[in-house]
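One structure below.
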Amino acid sequence: MNRKTHTLCAAIALALAGPAITAQAQDTPAAGASARTLDTLIVTGTRVAERTVAQSQSPIDIITPEALTATGTGELATALARALPSLNFPRPALTDGTSGIRPAQLRGLSPDQVLILVNGKRRHSSAQLNVNGSIGRGSSATDLNAIPIAAIERVEVLRDGASAQYGSDAIAGVVNIVLKGAASGGSLAVDAGQYSAGDGNKYQLSGDAGVGFADGRGAVHVAAQITDQDYSNRAGPYQGSAPNTGNYPDIGQKTFIIGDPQVQANAVSANGRFNITDSVSAYATAMASNRDITSFAFYRSRNHNPLTALFYPDGFVPQIQQDSRDRSLLAGLKGSTAGGLAWDVSYNYGYNKIDFHTDNSVNYSLGAASPTRFHDGALEYTQNVLNADFTQSLELGLAYPAALSFGAEYRQEKWNQSPGALDSYIGGGAQGFGGFTAENAVHADRDSYALYAGLEADLSEKFSAGLTARYEDYSDFGDAVSGKLSARYAFTDAVALRATASTGFRAPSLSQQNYQVITSSVDSSGVFTQRGTFPATSAAALALGAEPLKQEESTSYSLGLVLQPTQNLYLTVDAYQIEIDDRIVLSSPLNIDPSASANAGVPARLAAARAAQDLLAGLGINGVTSFNYFTNAIDTRTRGVDVVASYTQPLAASALELTASYGYSKTEITHIAADPAAWSAFSALSPSRIARDEIGRIEEGYPHNKAILNGTWKGQKWDLGLTATRYGSFTNRPSSGAANDQNFDANWVLDVSASYRPSQQWKLTVGADNVLDQYPDRSLFANSTFGMFPYSNYSPYGFNGAYVYGRIAYTW
């Protein structure tokens, strides 16, 4: 390492205690031109300043702004998925709110098992709860796409358990989004593109600018992004045997809308600092995002109801509109003392509200007086966090000073489920997305506090180690203790080993504990159902054996190899195992509709369905044909390996940058809790609370492996980029039985781009994502809703085909 003692002491004195990021680090440009470089200074996963990626005791990826804007996407989650083999971001359709606010998963785990930070501080989660049949079913995750890419300096992705360092949710890892903070410079870009099929048109205007003030003592960097995106449609023709009846249209007529939603989005951010004295400074970050999202429900034919023709003679597709309003504010003071104590005190506010409307719809129970647009209610999440973090440099007689870190956190959370207008839920409710009822209104809150302490030191020139412990106490379910031990040993400057062992936890979200709603959906046979989801502590769930939710607990191990055989070649290989006990999942639905074809012809099922409906009717719940709740029912084990390599070849007046990365992860359910006696009483309707479709979704619904090969040639005037991504196979195991299981083949997706710089400030880019127009395998007919839903929602790269775009950018 060859760092002098006084240099490290000065660096520690200037560092932020805890996870916060220094103003100096915010001003530092991303080191090197590669999307990942081991020489970049990091602020995630360590309390020691001047720690680089190569010196990290845990695996870390650095994603630069160039990597985020290397494709035609304007979504942060999509850009990260194209840069990281360990991140999966499918694009489901016909999944109600999940179609518009889509979750991402890291290392094949649940979307809410990765912690998102902005400038080192906890980012609030979305108010959305994913309850439909998509990857991440049952999760309430952070909405990455509410953050404008134009505001980002870099993204640090810690691929390791870090609950002891950062608290709840950091089981799969941590994504720290570092915002631009420079006092000068900026950019302005205009993007436009569309899918090769002729739809999904997107227009985007984005930019950022830095301003200094008070003779250089202060700086503020602002950014904005405006996006207008049309929907895409990849619905297939109806292929059933009984056209013009039931819910379905004429043969060959495309009436479903299956693809990307329509989105109008605006986002702004401001990131500032001010040096009050030489040793004390203030900082603040504010972000706001408005996103109006229109996705689509199942088609209702003209024969759906006798009243349909009165409103829609040709049938109709209900539109589900989500108006997401996202706000955050971070403010704090930080400084250092002459004795080497660095301190940081901050307040962190986050808020997300999603208003739901159903348009182009009808409530049949209101007859001819029914409106066609409904306000369905709203979901709200609020977070208030106070942090006090400290780092002290200690002389312990070692080669270098050690870093002692300690601190405390207080967090208050609120989650509200507000009812819709009466006409949205009365009777059968609005078609497509019925409103939240007044009886199901929720106003939940909790608070928690945490204490942590850690010690990290370079014990010798070759060996460094760290130890962290954390205690958290929640007002609604109890407390949790987690710890982490990490180490790194450098055999030479070119070869090093690193390893970690940690325990972690994830607190059940307020939405998982309190969400209650009855929604309409359709099964693969075209049968509409009224699915009820109820809190585990509700009378209805308790009557079927539910228990109050408790925290998930994890144990993680990792072992990594870091190689730098030459100055231009870097290679890291990290293997890991993550065991999670009491994992929270949404139970499989219990079909309690006596008229359902699966029940009507079987006396035992018919009797059980009637008994279940009578049980719920005794609790005042009527009209529900399908029932489920959240439960800590499974234990899982995830094993995997991540490989990252980067090579730069200088050429005459140009350079060739090559990167290769590979991620493998496989999750197995190691234990499923026995069904409670109350649920078992209806075993004729469902073999288990956790049925085969949910098991398949967790174990095989995502690619176990993903490889990314990237090459960029940078000349004096031209840049050429080529990225080939191989998405491994995945499997759909529907509830209908093994006969309809389907394995989807692995596929290569190719992205290309070419940029021309007529001057130092201007850059013109044309490109194509998925230039070869690759589509996933078509779903089996039995899984495709009579052929009209031809592709799987699990597809890791969607099912829209090639996307062609152009960009004009100006920087200063």
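Could you please find all residues in segment 475-501 being in a strand (DSSP E or B) and under 30 Å from residue 550 (Cα atoms)?
Residues satisfying the conditions are 478, 479, 480, 481, 482, 483, 484, 485, 486, 499, 500, 501.
How about segment 498-518: which of its residues are of a type outside the set (A, V, I, L, M), under 23 Å from the mean Cα position of the chain (by Cα) and more than 14 Å from residue 113 (Cα to Cα)?
502, 511, 513, 514, 515, 516
Would you mind stating whether residue 596 is surrounded by fewer than 22 Cβ atoms within 10 Å (Cβ to Cβ), closer than 22 Å to residue 434 by Cβ and modelled with pLDDT under 90? Break it down stepwise before answering.
Numbers: surrounded by fewer than 22 Cβ atoms within 10 Å (Cβ to Cβ): yes; closer than 22 Å to residue 434 by Cβ: yes; modelled with pLDDT under 90: yes.
It is true that residue 596 is surrounded by fewer than 22 Cβ atoms within 10 Å (Cβ to Cβ), closer than 22 Å to residue 434 by Cβ and modelled with pLDDT under 90.
Could you please give the count of residues in segment 321-342 that are surrounded by 20 or more Cβ atoms within 10 Å (Cβ to Cβ) and over 18 Å from residue 124 (Cβ atoms)?
Matching residues across segment 321-342 total 5.
Mind telling me which of the residues 790, 734 ends up being out of contact with any strand residue (DSSP E or B) (no Cβ under 6 Å at 6 or more places or on another chain) and either of a type in the set (S, T, N, Q) or over 25 Å from residue 668 (Cα atoms) (or both)?
Step by step, each of 790, 734 is checked, and only 790 is out of contact with any strand residue (DSSP E or B) (no Cβ under 6 Å at 6 or more places or on another chain) and either of a type in the set (S, T, N, Q) or over 25 Å from residue 668 (Cα atoms) (or both).
Of the residues 50, 66, which single one is out of contact with any Gly (no Cβ under 8 Å at 6 or more places or on another chain), at pLDDT below 95 and under 27 Å from residue 266 (Cβ atoms)?
Only one candidate passes the filter, namely 66.
Between 691, 674, 707, which is more than 24 Å from residue 172 (Cα to Cα) and in contact (Cβ under 8 Å) with a residue 60 or more places away in the chain?
Values: 674 fails: in contact (Cβ under 8 Å) with a residue 60 or more places away in the chain; 707 fails: more than 24 Å from residue 172 (Cα to Cα).
Sole residue among the options that is more than 24 Å from residue 172 (Cα to Cα) and in contact (Cβ under 8 Å) with a residue 60 or more places away in the chain: 691.
Residues that are within 21 Å of residue 692 (Cα to Cα), more than 27 Å from the chain's Cα centre (by Cα) and not β-branched (Val, Ile, Thr): does segment 759-770 have at least one?
No: zero hits.
So that you can scan it fast, the table gives a plain yes or no per residue for (1) more than 24 Å from the chain's Cα centre (by Cα); (2) outside any strand (DSSP E or B); (3) not aliphatic (A, V, I, L, M):
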site	(1), (2), (3)
137	no, yes, yes
142	no, yes, yes
150	no, yes, no
169	no, yes, yes
192	yes, no, no
199	yes, yes, yes
215	yes, yes, yes
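Out of 631, 638, which single residue is surrounded by 18 or more Cβ atoms within 10 Å (Cβ to Cβ), under 21 Å from residue 588 (Cβ atoms) and touching a Ser or Thr at 6+ places or on another chain (Cβ under 7 Å)? Full working, then the answer.
Working: 638 fails: under 21 Å from residue 588 (Cβ atoms).
When all the criteria are applied, what remains is 631.
Restricting the search to segment 669-696, which residues are small (Gly, Ala, Ser) and crowded, with 22+ Cβ neighbours inside 10 Å?
686
Does segment 260-268 contain at least one residue that is farther than 30 Å from residue 209 by Cα and either at pLDDT below 95 or in contact with a Ser or Thr (Cβ under 9 Å, 6 or more places away or on another chain) (or both)?
Yes, segment 260-268 contains a residue that is farther than 30 Å from residue 209 by Cα and either at pLDDT below 95 or in contact with a Ser or Thr (Cβ under 9 Å, 6 or more places away or on another chain) (or both).
For segment 712-809, please list each of the strands (runs of 3 or more DSSP E) lying entirely inside it that holds at least 3 residues being crowded, with 20+ Cβ neighbours inside 10 Å.
On the way: elements: 718-727, 730-732, 742-744, 747-756, 762-769.
Counting at least 3 such residues, we get 718-727, 747-756, 762-769.
Looking at (1) at pLDDT 95 or above; (2) surrounded by fewer than 19 Cβ atoms within 10 Å (Cβ to Cβ); (3) closer than 30 Å to residue 672 by Cβ, which is the one condition that is false for residue 706?
(2)
Return the residues of segment 546-591 that are farther than 30 Å from residue 535 by Cα, part of a loop (DSSP other than H, G, I, E, B) and out of contact with any strand residue (DSSP E or B) (no Cβ under 7 Å at 6 or more places or on another chain); say none if nothing qualifies.
567
Go through segment 554-570 and report how many residues are closer than 30 Å to residue 171 by Cβ and surrounded by fewer than 15 Cβ atoms within 10 Å (Cβ to Cβ).
So the count comes out to 1.
Restricting to segment 87-135, what's the tally of residues that are part of a strand (DSSP E or B), among the β-branched types (Val, Ile, Thr) and crowded, with 24+ Cβ neighbours inside 10 Å?
Count: 2.
Among the candidates 563, 586, 615, 619, single out the residue that is closer than 30 Å to residue 704 by Cα, in contact (Cβ under 8 Å) with a residue 40 or more places away in the chain and out of contact with any Phe, Trp or Tyr (no Cβ under 6 Å at 6 or more places or on another chain).
Every option except 563 fails the conditions.
Considering only residues that are among the β-branched types (Val, Ile, Thr) and farther than 30 Å from residue 185 by Cβ, which ones fall in segment 735-763? Break it down stepwise before answering.
Within segment 735-763, the first condition is being among the β-branched types (Val, Ile, Thr), and the residues that meet it are 749, 752.
Within segment 735-763, just 749 meets the criteria.
Quick one: residue 699 ticks every box in (1) assigned to a strand (DSSP E or B); (2) without any contact (Cβ under 8 Å) to a residue 40 or more places away in the chain; (3) surrounded by 17 or more Cβ atoms within 10 Å (Cβ to Cβ) bar one, so which box is it?
(1)
May I ask you to verify whether residue 492 is over 25 Å from residue 416 (Cβ atoms) and surrounded by 22 or more Cβ atoms within 10 Å (Cβ to Cβ)?
no
Need pairs with beta-carbon distance below 8 Å; first residue closer than 14 Å to residue 701 by Cα and within segment 80-93, second of a type in the set (D, E, K, R) and not in a strand (DSSP E or B); sequence gap 6+ or separate chains.
Qualifying pairs under 8 Å: 89/102; 90/102; 91/102; 91/260; 92/102.
Of the conditions (1) part of a loop (DSSP other than H, G, I, E, B); (2) among the acidic types (Asp, Glu); (3) within 30 Å of residue 181 (Cα to Cα), residue 314 satisfies every one except a single condition; which number is it?
Residue 314 satisfies all of (1) part of a loop (DSSP other than H, G, I, E, B); (2) among the acidic types (Asp, Glu); (3) within 30 Å of residue 181 (Cα to Cα) except (3).
In segment 171-181, what residues are assigned to a loop (DSSP other than H, G, I, E, B) and either touching a Lys or Arg at 6+ places or on another chain (Cβ under 7 Å) or of a type in the set (A, V, I, L, M, F, W, C) (or both)? Full working, then the answer.
Restricting attention to segment 171-181, the residues satisfying the condition of being assigned to a loop (DSSP other than H, G, I, E, B) are 171-172, 180-181.
The answer is 171, 172, 181.
Quick check on my filter: what residues within segment 539-553 are buried (at least 19 other Cβ atoms within 10 Å of the Cβ), out of contact with any Pro (no Cβ under 7 Å at 6 or more places or on another chain) and at pLDDT below 95?
540, 544, 546
Would you confirm whether any residue within segment 91-100 is of a type in the set (A, V, I, L, M, F, W, C) and under 24 Å from residue 293 (Cα atoms)? Full working, then the answer.
Of segment 91-100, the ones of a type in the set (A, V, I, L, M, F, W, C) are 93-94.
From what is left, the residues that are under 24 Å from residue 293 (Cα atoms) are 93-94.
Within segment 91-100, one or more residues are of a type in the set (A, V, I, L, M, F, W, C) and under 24 Å from residue 293 (Cα atoms).
Determine whether residue 599 is touching a strand residue (DSSP E or B) at 6+ places or on another chain (Cβ under 8 Å) and assigned to a strand (DSSP E or B).
Judged against the criteria, residue 599 is not a match.
Can you name the condition, by its number, that residue 658 falls short on among (1) assigned to a loop (DSSP other than H, G, I, E, B); (2) within 30 Å of the chain's Cα centre (by Cα); (3) not hydroxyl-bearing (Ser, Thr, Tyr)?
Going through (1) assigned to a loop (DSSP other than H, G, I, E, B); (2) within 30 Å of the chain's Cα centre (by Cα); (3) not hydroxyl-bearing (Ser, Thr, Tyr) one by one, residue 658 breaks only (1).
Taking into account only those residues within segment 385-417 that are out of contact with any Asp or Glu (no Cβ under 8 Å at 6 or more places or on another chain) and hydroxyl-bearing (Ser, Thr, Tyr), which is farthest from residue 351 (Cα to Cα)?
The residue in question is 393.
The values are calculated or read from the model by the stated rules, or taken from the named source; none is laboratory data. Fair warning: this is a prediction, and the values are worked out from it, not measured in the lab. Quick reminder, even Gly has a Cβ in these numbers, built from the backbone with ideal geometry, and neighbours come from all protein chains shown.
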